[in-house]
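None of the figures in this text is laboratory data; all of them are computed from the coordinates on show. In this text the structure is predicted, and so the values were computed from the model without any measurement. Glycine also receives a Cβ, built like all others from the backbone with ideal geometry; neighbour counts cover every protein chain displayed.
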Amino acid sequence: MSSAFQKVTVPPMDEYNNKLISYVHPPDWNNPQPSDRYDLVVIGAGTAGLVVAAGAAGLGLGLKVALIEKHLMGGDCLNVGCVPSKCIIRSARVVGEMRHAQAFGIHPPQEIEVDFPAVMKRMRKLRAGISHHDSAQRFQKLGIDVFLGAGRFLANNSIEVAGKTLRYKKAVIATGARAVRPSIEGIEEAGFLTNETVFSLTERPKRLAVIGGGPIGCELAQAFSRLGCQVILFHRHSHLLDKEDADAAEIIQNAFIDEGIHLVLNSQIERVKKSTDGKTIYFTSNGTKQSIVVDEILVGAGRAPNVESLNLKAVGVEYDRQGVQVNDYLQTTNPNIYAAGDICMNWKFTHAADAAARIVIKNTLFSPFGLGRSKLSNLVMPWVTYTDPEIAHVGMSDHQAQSQGISVDTIKISMSNVDRAIADGEESGFVKIHHKKGSDEILGATIVASHAGEMISEVTTAIVNKVGLNGLSSVIHPYPTQAEGIKKAADAYRRTLLTPTSQKFLGLLTKLS
C-alpha cells in the first residue's frame, strides 16, 4: 500500500473543512495495489468522473474500475461551484426578501444586519454535510480502486499515478476546467479571487470588484451585494448576460441597478495597482479613462481546460485551448479514450457532465456488444442562471432557429398575468416559448421567475418526449402556481387554432367562469 500523494488543505481549516477533507481527500488515504488490468480507468473525480466510475462499477458485470483524483473528489460542483454558491445565494435571498418586506405589510429593521462570517460558516457546514456522497471511502465501498494523485498517460494503454502504473482497456478523461487567470497588468501582484478561492473568505470585503457579467459574475455580484459589499461589476459588452435572451438579460440588469450594484459596461480594464488604500483598478468605459479603489477583486470571466499534466500527446489525444477534442460519441482521437464534462464540452454545467457521463458508460461498455451508441448532440440541455429572479432556458432561441432556416413563432406570457406571481410580488418575469411556425412543436423556451429553474423542467420534458403546446395545454396545473404561466402560453397557442365561432364560445365560457 502507498500514500504517495500531496496533502491538501481548504482554508479556513475549521471543523467543517476538516470534515470535508476527511471525505474528499483524506490525509491518511492509502492508494491500493493496482489490478493487472482495468476495464476502465477514469481520471478526474468531479461529476462526470464520479458518475462514469459509479455507473460502470454498479452494472453487476464484475468490471475492474479505477478512479484517479489529484485534488478534491466532488470536483468544482461540491467544492467551489454549485454547492457553496447556492448556499450563499440562499442567504442573500433572505436579505432581498427583507428589503422588500414593506410591500407585504411587514416592517423590517432600518438596518439589515448581515453576519458575513456566519453566512460563510453555514456554507462550509452544509458543504461538509453532503460531501460524504462524493467521498473516497464511498467509492471504495462501491468496488472502485480510488487513487489520490496526479494521473499521467503513458504509452501502451497505461497511466501513472503516485508512483504506480495502471493498465487499462478503456480510459476516460474527466479533469474539468478551472477559472481563467486574467492577463491584466498588475493583477497578479495585487491579488484576486476566483470561484476557487472566494468561498474561503471569512471576512466581508467592503468594496468588491467583479470582473465579468456572465452567469458566474452576475450570480456572485448580486449575492455579495446583498450580503453587504459595495459591488462594482465590470463587463466588456453593452449589457449583462449578453448570451442570454435579451429581454431576460434586461430584467436582471435593471434589478441590479435597482439594488445599487455599480455597473461598468463597455469596459476595458488596463491595469491594477495595490496600495495602502486597497487595489486601484484603472479602466476605460465608453471611451473614458477612469479608476476606482476596491478591497478585493473577483474574476468570473471564462474557464480553461485542465489538460497540461496529462501527457496527452503520448497517447495521441488531440486538444486545443477549448479542451480535449471529441466526436459526437465523446470519443477522443484515441479510440480507447473518451472524455466527458468541462474538459471537452461547451455546456459547463453539473447536469451536463452527468448526462455526458451516461453517454460514455454506454459507448465504452455497451456499444462493443452491438447495443448501439449514444450521441451528445441528442441531448436537450436546460440551464439556469441563479440570479434573483432566475433565468432558465432550454432548446433553441428564436435567432438560433432562424439561422437554421426554421420559421418560428414566439408566445410570451408576462408573469404580471399570472395570479400567483402577482400574489408573490414577483411580476417582472415572463414565460417565452418558441414553436415551429404552423405547428405546436416546441423548439425552445426562456423563463424568468423567482424559481425559473424549477419550472423549466416541464418544458424540457415536453421537448424530450415530443409533447407539443397542444399537449401542454391539456395538462392540469394546480392553481395558483407560477408554473401556470407555462399553461397560459400553451393555451395562447391553442386559441390561435380556434374558428371565429369557437372563439365566441370560449369567450362566453370565460365570462361565466
**Prompt:** For Ile456, Ile406, Ile21, what's the fewest-to-most ordering of other Cβ within 10 Å of each Cβ?
**Reply:** Ile406, Ile21, Ile456
**Complete:** Straight-line reach check, Lys169, cutoff 22 Å on alpha carbons, 8 or more apart in-chain or any other chain, hits among lysines -> Lys64, Lys70, Lys313, Lys362, Lys375
**Prompt:** Once the dipole of region 389-496 is set up with Lys and Arg at +1 and Asp and Glu at -1 on Cβ about the Cα centre, which of Ala449, Ala421, Ile406 lies farthest towards its positive end?
**Reply:** Ile406
**Asked** What is the fewest-to-most order of Asp398, Asp320 by other Cβ atoms lying within 10 Å of their Cβ?
**Response** Asp320, Asp398
**Asked** Near Ser367, within a Cβ-to-Cβ distance under 12 Å, what is the net charge of the other residues, with Lys and Arg +1 and Asp and Glu -1?
**Response** +4
**Message:** Using only the alpha carbons of region 389-496, what is the convex hull's orientation-averaged projected area in square nanometres?
**Reply:** 6.1 nm²
**Request:** Tell me the label-point distance for the pair Ser457, Asn311, using the 7 Å Cα-to-Cβ offset, in nm and rounded to one decimal.
**Result:** 4.3 nm
**Message:** Sort 110-121, 165-176, 413-424 by packing, meaning the average of other beta carbons within 10 Å per residue, with the highest value first.
**Reply:** 165-176, 413-424, 110-121
**Request:** Report the full-extension gain for the segment Lys243 to Asp258: residue separation times 0.36 nm, less the Cα-Cα distance, to one decimal in nm.
**Result:** 3.2 nm
**Prompt:** To the nearest 20 debye, what is the magnitude of the charge dipole of region 192-338 about its Cα centre, counting +1 on the Cβ of each Lys and Arg and -1 on the Cβ of each Asp and Glu?
**Reply:** 700 debye
**Prompt:** Dipole size in debye (nearest 20) for the chain around its Cα centre, Lys and Arg Cβ +1, Asp and Glu Cβ -1?
**Reply:** 1160 debye
**20 Å cut-off, amide nitrogen to a point 7 angstrom out along Thr496 Cα→Cβ, residues in region 389-421** = 394-415, 417
**Item:** Extension reserve of the Asn378-Ser474 stretch, reckoned as 0.36 nm per residue once the Cα distance is removed
**Value:** 31.9 nm
**Complete:** If each K or R counts +1 and each D or E counts -1, the residues other than Ala492 whose Cβ falls under 11 Å of its Cβ total +3
**Message:** Run the reach check for Lys437 against aspartates and glutamates, Cα to Cα strictly under 14 Å, same-chain hits fewer than 8 apart removed. What comes back?
**Reply:** Asp398, Asp409
**Prompt:** Lys121 to Gln402: FRET efficiency via 1/(1 + (r/R0)^6), r the Cβ-Cβ distance, R0 60 Å, to the nearest 0.05?
**Reply:** 0.75
**Prompt:** Taking the simple approach of a point 7 Å from Cα along Cα-to-Cβ for both Tyr282 and Ser200, what is their distance in nm?
**Reply:** 3.0 nm
**Fill in**
Candidate cut points under chymotrypsin sites (Phe, Trp or Tyr not before Pro) in region 8-72, DSSP loop plus at most 15 other Cβ atoms within 10 Å of their own Cβ, are none
**Request:** Would you work out the charge dipole size for region 389-496 about its Cα centre, treating the Cβ of every Lys and Arg as +1 and the Cβ of every Asp and Glu as -1, and quote it to the nearest 20 debye?
**Result:** 420 debye
**Item:** Loop GluC sites (Glu not before Pro), region 279-387, which have at most 16 other Cβ atoms in a 10 Å radius of their Cβ (DSSP)
**Value:** Glu308, Glu318
**Complete:** Listing Thr446, Thr387 by rising number of other beta-carbon atoms within 10 angstrom, fewest first, gives Thr387, Thr446
**Message:** Name the residue from Ile463, Ala249, Asn336 whose Cα lies farthest towards the positive end of the charge dipole of the chain, charges +1 on Cβ of Lys and Arg and -1 on Cβ of Asp and Glu.
**Reply:** Asn336
**Item:** Gained length - Gln325 relative to Gln110, 0.36 nm times residue gap less alpha-carbon distance
**Value:** 71.9 nm
**Message:** Nearest 5 percent is fine: what portion of the DSSP beta bridges confined to the chain is antiparallel?
**Reply:** 65 percent
**Asked** If you take the charge dipole of region 1-83 about its Cα centre, with +1 on Lys and Arg Cβ and -1 on Asp and Glu Cβ, which of Val24, Gly58, Met73 is farthest toward its positive end?
**Response** Gly58
**Item:** Cα-projected label distance for Lys273 with Val180, points at 7 Å along beta-carbon direction, nm
**Value:** 2.7 nm
**Asked** How many percent of Cα pairs in the chain exceed 34 Å?
**Response** 46 percent
**Asked** Cα gyration tensor of region 257-361, axes a ≥ b ≥ c as square roots of the eigenvalues: rounded (a/c below 1.5), prolate (a/b > b/c) or oblate?
**Response** prolate
**Message:** With the cut-off at 32 Å, tell me which of the pairs Lys412/Lys466; Lys243/Lys487; Lys7/Lys243 have Cα atoms farther apart than that.
**Reply:** Lys7/Lys243
**Request:** Please label the shape of region 2-91 as rounded, prolate or oblate, based on the square roots a ≥ b ≥ c of the eigenvalues of the alpha-carbon gyration tensor (a/c under 1.5 means rounded; beyond that, a/b larger than b/c means prolate, else oblate).
**Result:** oblate
**Message:** Please report the spacing between the Cα centers of region 419-473 and region 88-131 in Å, no decimals.
**Reply:** 29 Å
**Spatial separation of Cα centroids for region 6-35 and region 184-208, in angstrom** = 25 Å
